[in-house]
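This report refers to the structure that appears directly beneath it.
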Amino acid sequence: MISSAVRDNSSAIKNFLLRSEMMILYVLFLLVTATAIVNPAFLTVNSIMAILRQYSFYGIMAVPLTFLMVSLAFDMSIGTLVALPGALSAILMRDFGISLGVTLFISIILGLFLGMFNGFLHGALKINAFIATLSTYYVYRGLFRVLTSQTTIDCHAYVTAANISPNIGNIPISIVVLIILAVVGHIILEYTKFGRSVYIVGNSLEVAREVGISETKVKMILYSALGAVGGLCAIVYICTYSAVNPGIGDRYEFFVNAGTVIGGCSIYGGKGTIAGSLIGAAVMTVVQASLRSIGVPSNLQVLALGVILLSAIVIDTIKEKKKI
């Protein structure tokens, strides 16, 4: 009886240690260790905090994107869902002195409508998600450039006057927001009826229709939620950096989408976890920081990141074909 319980516990521990999320964590640990050996400055407090801040913004957006990936959709405009609300919010703060609470509300609402429009294009009009969101990427980025004139919107005076801190205690506010979103997202995806609906839509639209789940409704909600989180992320960005620069949201469409795929979300839908996506986003962030830290030329950095993403897609495709 006791030996059986011990075997069961040993088996459970072994299965946990061999989960895909844990395997990615091992790779992440080896990557950090190797980089620290080559360049010990990689593990200084300032370096770690800079990496954590950058990661937290990818992670914030990776939480709602995981839902989309599981439902067999994605979003190429994800960076602009942060950039455009960020630009408007910074202008409202700097030029009109609008309070942080009101600006937060406006930013989230704007992001929600931007995401809802993406959801309407893909979920209601059935336009391919890549084409739809790539198109809105250029529309939203164009509007962002019109608002900012491609210059930095400095909010230091506003942030100082309003006594806004980039930290809660000693913890960056972006990390706090990420943790809260991750917990809430995990609970919704894994333990609610809506979360199960997302998995069903991603696995089989035929089954979804049979059980009365509307693909259009689910995807409209998911795209809207992604946009709303983008609006929230924009305010967190301003609180952290006291400015909105022309590069805000730049390459999020690569790093966040790639992070979810590396973290186990299938490009064929129906598979993925919040934890896996966050680990995947961490890998992408650390790889970028590691390559920069050891002096790898920027062109080779792009090549390395592309190879990592391509490898993850190929592995995912091979796994999918084995199911058939």
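When only alpha carbons are used to place a centre, segment 247-324 and segment 203-232 end up 23 Å from one another.
Listed peptides 61-69, 255-263, 139-147 appear in the order 61-69, 255-263, 139-147 once ranked by packing, highest mean of other Cβ atoms within 10 Å at the front.
In summary, the convex hull built on the alpha carbon positions of the chain has an orientation-averaged projected area of 20.0 nm².
Evaluating 6.51 cos²θ - 1.76 cosθ + 1.60 at θ = phi - 60° for every residue in segment 234-239, the Karplus couplings come out as 4, 5, 4, 4, 5, 5 Hz, glycine and proline recorded as x. Taking the Cα atoms of segment 185-324, the ratio Rg/Rh between the radius of gyration and the Kirkwood radius comes to 1.02. With 26 Å as the limit, the listed pairs Lys217/Lys271; Lys126/Lys193; Lys217/Lys321; Lys271/Lys322 have Lys217/Lys321 beyond it between alpha carbons. Computed from backbone phi, the HN-Hα couplings of segment 70-75 come to 4, 7, 6, 8, 7, 9 Hz, rounded to whole numbers (Karplus: 6.51 cos²θ - 1.76 cosθ + 1.60, θ = phi - 60°; Gly and Pro given as x). Taking every Cα-Cα distance in segment 73-214 and sorting them into 10 Å bins from zero, the calculated P(r) comes out as 10, 28, 34, 20, 8, 1 percent.
Taking every alpha-carbon pair in segment 134-177 and binning the separations at 10 Å intervals from zero gives 22, 26, 34, 17, 0 percent.
Would you grab the residues whose amide H sits under 5 Å from the one on Asn167? Only those 5+ places off in sequence or on another chain, please, with H modelled 1.01 Å from N. When sequence neighbours closer than 5 places are left aside, the close amide H contacts are Ile173. A simple rule links phi to the HN-Hα coupling: the Karplus curve 6.51 cos²θ - 1.76 cosθ + 1.60 with θ = phi - 60°, which for segment 249-264 gives x, 5, 6, 4, 4, 8, 5, 6, 4, 5, x, 5, 5, 4, x, x Hz, with x for Gly and Pro. Here segment 24-65 and segment 91-124 have alpha carbon centers that stand 30 Å from each other.
Readers should treat all values here as calculations from the given coordinates under stated rules, not as data from a laboratory. None of these values were measured; they are calculated from a predicted model. So basically every Cβ, Gly included, is an ideal-geometry build from the backbone, and we count neighbours across all protein chains shown.
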